[in-house]
Every structure is written in structure tokens, then in C-alpha cells.
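A.B. asks: Right, I'll just put the structure down here and ask away after.
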Amino acid sequence: MKLIVGLGNPGRKYEGTRHNAGFMVAEQLIKQHAAPSPSRKFDGELSEFRVSDQRILVLCPHTFMNASGQSVRKALDFYKLDTEDLLVVCDDLNLPRGKIRLRRSGSAGGQKGLADVIRHLGSDQWCRLKIGIGRPPAQWQVIDYVLGRFDSAERDEIDDAVTRSCQAAVVWATEGATQAMTQFNAQPSPN
């Protein structure tokens, strides 16, 4: 069993915002794999599906980004999963827009959702998949940028990054982190 957690903020106010890239991946995974509608569990929404013989749980914490760790901790404890069975998906300001990067461990890099998961788990030794949203323009505050919606010029790149992130998450769950990193950490070739 594997747990994929998409980070974001709940509610219509935050739909489609840069900070909800993790939710976008979780929602697309659920749709692509015809998973049942999510149920309310672990301070969030949980759904599941199978790929081959692998059971994959998908969790979207509803604790808001900066308090995501408590939801993740509850799900890991309930299913008695180790941190090697966890993949957290989130946005990243430090990656160019549309680039994705999977890592086995590491710091939060300023991402407060990741920081809270690290705090609740007492470790940074678990996989994270980051979706680049790029840096805000000079005149923007970071908070306004991450809580802003993608404009039409950005949308194609982000939609592609979400699709590749879904593929990477399934490869991670079924073939392992090394295969997923090898296959998806390279910069995508231009169309």
C-alpha cells in the first residue's frame, strides 16, 4: 500500500491557485483511475485505487497548507505505513514553472506544507514530488503569488506538469522512487 498526499488549501476560494498544485495532481489521479468519490477521513479527503497489485491511497488534507502534517500523520498511523510508503506532492517556487522534481528526502525549501509534514513526522526521509510554479514577479508578494490563479499563458505548462506528476506518482508507487526519478526528473523536451 502507498499513500500519495496532495497539498493545498480547501475551499472554492483556493481552487486553481498555484499553491494547490498538489490538490490538482490528487484530483487528476482520482479521475484517471476511476477511483470512488473521496471520503472524509484524517482531517481531509481520502480515495483509493489499484494499479496492478498495488493499492494506492490518495489524501488531500483539509487542514490548510501550513497544518498539513497532522492529516498525513493520522493516515500513516491508521494504515501502519512507513515513511517510505509516502509521497507528498506540492508546489515549489524555486523550480521553473512546469518542471517537476521527485526527491527521496530533503528540507522543506521554504514550503510551509512540507515543513509541517516534516515536523509531524519528525523526519524528512520520505519522497516529495515538487511542481515548479516559478518565482513571483518583482512587484508581487510571495503570499499573493502562491494564492493567485494561473493565467492562461501558464495554464498549458501547468496542465502538462500535473499530467506528468500523475504519471510519476504511479511509477513511484509501482516501480519505486529510483525509476520515477530517472524517468521524470529530466527537463521535458519542448513540444
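A.B. asks: Can you confirm whether R97 is closer than 19 Å to C166 by Cα, in a loop (DSSP other than H, G, I, E, B), open to solvent by 20 Å² or more (accessible area, probe 1.4 Å) and touching a residue at least 40 places away in the same chain (Cβ under 8 Å)? Break it down into steps so the answer makes sense when it comes.
C.D. replies: Working: closer than 19 Å to C166 by Cα: yes; in a loop (DSSP other than H, G, I, E, B): yes; open to solvent by 20 Å² or more (accessible area, probe 1.4 Å): yes; touching a residue at least 40 places away in the same chain (Cβ under 8 Å): yes.
It is true that R97 is closer than 19 Å to C166 by Cα, in a loop (DSSP other than H, G, I, E, B), open to solvent by 20 Å² or more (accessible area, probe 1.4 Å) and touching a residue at least 40 places away in the same chain (Cβ under 8 Å).
A.B. asks: Under 7 Å by Cβ, and 6 or more places apart or on different chains, what pairs join a residue from the range 154-175 that is touching a residue at least 12 places away in the same chain (Cβ under 8 Å) and among the aromatic types (F, W, Y) with one that is assigned to a helix (DSSP H, G or I) and surrounded by 15 or more Cβ atoms within 10 Å (Cβ to Cβ)?
C.D. replies: W172/A180
A.B. asks: For R50, work out the one condition from (1) outside any strand (DSSP E or B); (2) out of contact with any strand residue (DSSP E or B) (no Cβ under 6 Å at 6 or more places or on another chain); (3) not aliphatic (A, V, I, L, M) it doesn't fulfil.
C.D. replies: Status for R50: all satisfied but (1).
A.B. asks: Identify all residues within the range 124-148 that are assigned to a loop (DSSP other than H, G, I, E, B) and open to solvent by less than 30 Å² (accessible area, probe 1.4 Å); write none if there are none.
C.D. replies: W126, I133, G134, P136, G148, listed by residue number.
A.B. asks: Considering only the range 1-11, how many residues are in a loop (DSSP other than H, G, I, E, B) and open to solvent by 20 Å² or more (accessible area, probe 1.4 Å)?
C.D. replies: Going through the range 1-11, the residues in a loop (DSSP other than H, G, I, E, B) turn out to be 1, 7-11.
Those still in the list that are open to solvent by 20 Å² or more (accessible area, probe 1.4 Å) too: 1, 10-11.
Counting residues in the range 1-11 that are in a loop (DSSP other than H, G, I, E, B) and open to solvent by 20 Å² or more (accessible area, probe 1.4 Å) gives 3.
Matching residues to (1) at pLDDT 95 or above; (2) surrounded by 13 or more Cβ atoms within 10 Å (Cβ to Cβ); (3) within 21 Å of D156 (Cα to Cα); (4) charged (D, E, K, R):
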position: K13; (1), (2), (3), (4): no, no, no, yes
position: F23; (1), (2), (3), (4): yes, yes, yes, no
position: Q28; (1), (2), (3), (4): yes, yes, yes, no
position: F42; (1), (2), (3), (4): yes, yes, no, no
position: S47; (1), (2), (3), (4): yes, yes, no, no
position: S52; (1), (2), (3), (4): no, no, no, no
position: F64; (1), (2), (3), (4): no, yes, no, no
position: C90; (1), (2), (3), (4): yes, yes, yes, no
position: L93; (1), (2), (3), (4): no, yes, yes, no
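A.B. asks: Sticking with this one: Part of a loop (DSSP other than H, G, I, E, B) and small (G, A, S): which single residue out of G106, G113 fits that description?
C.D. replies: Working: G113 fails: part of a loop (DSSP other than H, G, I, E, B).
After applying the criteria, what remains is G106.
A.B. asks: On to the next question. Within the bounds of the range 67-74, is there any residue that is assigned to a loop (DSSP other than H, G, I, E, B) and among the small types (G, A, S)? Full working, then the answer.
C.D. replies: Step one: list which residues in the range 67-74 are assigned to a loop (DSSP other than H, G, I, E, B), which gives none.
No, every residue in the range 67-74 fails to be assigned to a loop (DSSP other than H, G, I, E, B) and among the small types (G, A, S).
The values are calculated or read from the model by the stated rules, or taken from the named source; none is laboratory data. Bear in mind the structure is a predicted one, so any value in this text is a computation, not a measurement. Because the Cβ atoms are built from the backbone with ideal geometry, glycine has one as well, and the counts that use them run over all protein chains shown. Accessible surface areas use protein heavy atoms only, side chains included; no ligands, DNA or RNA. Shrake-Rupley method; radii C 1.70, N 1.55, O 1.52, S 1.80 Å.
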